1. Report in % the part of the accessible area of region 198-319 that belongs to carbon and sulfur, leaving out ligands and nucleic acids; probe 1.4 Å.
2. Where does each of Phe310, Phe75 land when they are ordered by accessible area, with a 1.4 Å probe and the largest first?
3. What ranking, highest mean first, results for peptides 172-178, 206-212, 283-289 when packing means the other Cβ atoms within 10 Å averaged over each residue?
4. Can you tell me the accessible area per residue over region 276-359, all protein chains present, probe 1.4 angstrom, in square angstrom?
5. Calculate the radius of gyration of the Cα atoms of region 134-186 to one decimal place, then report Dmax, the largest Cα-Cα distance, as a whole number, both in Å.
6. Ignoring ligands, DNA and RNA, please state the percent of accessible area on region 70-177 from carbon and sulfur, probe 1.4 Å.
7. Heavy-atom accessible area of Met106 with all protein chains present, probe 1.4 Å, nearest 10 Å²?
8. Can you tell me the accessible area per residue over region 177-233, all protein chains present, probe 1.4 angstrom, in square angstrom?
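The values are calculated or read from the model by the stated rules, or taken from the named source; none is laboratory data. The structure displayed is predicted, hence computed values, not measured ones. Here the Cβ positions follow ideal geometry from the backbone for every residue, glycine too, while neighbour counts run over all protein chains shown. Quick note on the areas: whole protein, heavy atoms, side chains included, nothing else; ligands and nucleic acids left out. Shrake-Rupley method; radii C 1.70, N 1.55, O 1.52, S 1.80 Å.
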Amino acid sequence: MPSVPSSASTPSILPNASTPSIPPNASTASIPPNASTASITANASTGSASPRPLRGRGAGGEGAPLGEFTLIERFFARSTPERQGIGDDCALIDIGSQTLALTSDMLLEGVHFLPDVNPEDLGHKSLAVNLSDLAAAGARPRCFLLDLALPRADAAWLEAFSRGMFALAQAHECALIGGDTTRAPSGPDSAGLLTIAITAIGEVDRDRYRGRSGARPGDDIWITGSTGEAALALAYRRGQIEIPEPARSACILRMDRPTPRIALGRALVGTATASIDVSDGLLGDLGHILERSSVGAVLYWPAIPRAAVFGGLPLAMQYACVLAGGDDYELVFTAPASSRATLQQLVGDGVGVSRIGQIESAPGLRLRDGEHHGAPLIEVNLQSFDHFVAPSPGPLGQASADVAALEPGADGHGDKTGVGS
Ligand code: ADP
Ligand code: MG
């Protein structure tokens, strides 16, 4: 892998970075040459009766692939009271005077993590992605269940995995209360694949619970921290980009050790009208809020926070990572404009919050090159990760394809030499 000269302060894209093709369903980023003037095409609300359960990318008609959210809606969603049903980051159940929030997330080798992942990082991340769903619901973590399918019983690996997991669990006073452990079956030529599934349980304030369906026209859209660095780390790991230190380590930390925004999620109780955690990409996850709330939105591109490392990258790659890169585990939330002054002061989990757009009644999601109404619309064609509508299996493959499909100069501004040196 070519290395970046130590004096380089911006990432460079390696020569092999342009090989994957963009599939016809445009699951990867494609920016037209006049990128500063058109409108965003993200899968957003169609304005039907609210709340709609799930977003339906991949309609699943004759011959069409069944998308992840369509198949959940079609085969698993049943009529239940809204807060107990499918569609939010957590489901709620009332037990006596308490209301519990439940969520479960699964991590598969080769799909959610690379086979050579550091087991301590994996232990942390397996729990973190679940706590992130509790954070989205404003829940206080209580306990969790751990299911493991292990290819082998390796004491050193298990020691490191459990160390990473329990360090995060202790930090949030969240106890492991049970689970299940099996051997992952292996074939004659293949080792079994590691699978980790965690169910996390938290407590919420029943009367002030927020899901994804409470966004209203006029609400501001906010985000915690910043997005995109995890996607950049993945591109680096796949040899598609070189990132100089210290930015490289910062990106890798974002990918391997996500911080669930528990404190911020709690602090937003009573203020935020809707929220979601960004696991699959900012546009797609915000799209879930729009869909469930039957509203549309405008995002202000210059207001969307991004790490300094993106300053040296083509705009197309910034769009792909910041708007559609997964694995960030920030919270996107909506709140009335009357809470602006309070929210601007909000800090927690080591980050602040940024106001990045506004909810509108017109369906769809628009990206504008500024906040004022005359600011030009930006057209990007990006989709967040879908397990069944993806150019390659798994978020790891998807995010890398997003980044790899972009070449220096593909930013619509004609700058062919805008990265590295
Ligand atoms: P998240 O990214 O927050 O984990 P997902 O986008 O994976 O949520 O899932 C969307 C919704 O669909 C959630 O409410 C989740 O609980 C629900 N869901 C996902 N898979 C299933 C399933 N197999 N059966 C029932 N509900 C499911
Ligand atoms: Mg979530």
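1. The computed percentage sits at 48.
2. Per-residue accessible area, sorted high to low, gives Phe75, Phe310.
3. Most protected by this proxy first, the peptides run 283-289, 206-212, 172-178.
4. Per-residue accessible area for region 276-359 comes out at 24 Å².
5. Gyration radius and largest Cα-Cα distance of region 134-186: 13.3, 40 Å.
6. C and S atoms contribute 56 percent here.
7. 110
8. Accessible surface, normalised per residue, equals 42 Å².
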